[in-house]
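Everything below concerns the one structure shown next.
The values are calculated or read from the model by the stated rules, or taken from the named source; none is laboratory data. Treat the numbers as computed from the prediction; the structure is a model and nothing was measured. Here the Cβ positions follow ideal geometry from the backbone for every residue, glycine too, while neighbour counts run over all protein chains shown. Heavy atoms of the whole protein, side chains included, go into the accessibility calculation; ligands, DNA and RNA do not. Shrake-Rupley method; radii C 1.70, N 1.55, O 1.52, S 1.80 Å.
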Amino acid sequence: MTILASAIAAVLVAIAALHAYWGVGGVWPGSDARSCARTVGGFPGATATLGPIPCFAVAAAILVVAVVALAQGGLIRLPLPDVAVATATFGAALVFVARGVAGYTSAWRRLTPEQPFATLDMRYYSPLSLAIGVGLLALLAKGTGI
C-alpha cells in the first residue's frame, strides 16, 4: 500500500503544481489564455483560466488530499484520529470517482463541449480521476481491514 499511496500523492502533487502554475498566469498546455481555458476547462466561451484565487484554492485542496493519501497509506502520521483520516480519504475518493464518472455523461459533455478539452477529458482527465478515486478507496479498504 505504500507504493500506491506514494503514487497517488506524487500524481496529486503534480496536479496541484499545475494548478498553482495556472494561478500565477501560466498557460501550458495552451499557447495563450484562451487556448489554455479550452484545453483544461472546456466551458463554452471561456477566454481565460479562473484566476489566482480559485487556482490556488484547488492546488491547496489537492495537496491536502495528497497528504491524506500518505497518511492513509501509513507513510506519515497526522495529529488526527484515524477515523478523521479515513473519513477524509473516503470523501476525497467520492469526489474523484464522481468527477471521473461525470466525464462520461451526456450532461457533462453538454456542459464542457469545447475541444480539445472534450477529447482530453474522455482520454485522460476522467480516467485519471477515476484511478485516483479507486486508489484512495483501495488505501481506505486496506487501512480499515475491509
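Enter the angle in degrees (range 0 to 90, nearest 10) between the Cα long axis of helix 52-72 and the first principal axis of the Cα atoms of the chain, meaning the one along which they spread out most. The answer is roughly 30 degrees.
As a length-normalised measure over Cα pairs under 8 Å and 6 or more apart, the relative contact order of region 1-80 settles at 43 percent.
Heavy-atom surface analysis with a 1.4 Å probe gives region 73-146 a carbon and sulfur content of 72 percent of its accessible area. With viscosity 0.692 mPa s and temperature 37 °C, the Kirkwood radius over alpha carbon pairs of region 1-129 converts through Stokes-Einstein to a diffusion coefficient of 210 µm²/s. Averaging the sequence gap over all C-alpha pairs within less than 8 Å and six or more residues apart, then dividing by the number of residues, gives the chain a relative contact order of 31 percent.
Taking the longest Cα principal axis of the chain as reference, the axis of helix 2-23 is set at about 30 degrees. Here the convex hull built on the C-alpha positions of region 92-146 has a volume of 62 cubic angstrom per residue.
What's the FRET efficiency of Asp32 with Leu4 using the Cβ-Cβ distance as r and R₀ = 41 Å, to the nearest 0.05? FRET efficiency, Asp32 to Leu4: 0.65.
For region 1-68, the share of alpha carbon pairs falling in successive 10 Å distance bins from zero is 23, 43, 25, 8, 0 percent. For the chain, the solvent-accessible area with a 1.4 angstrom probe is 54 square angstrom per residue.
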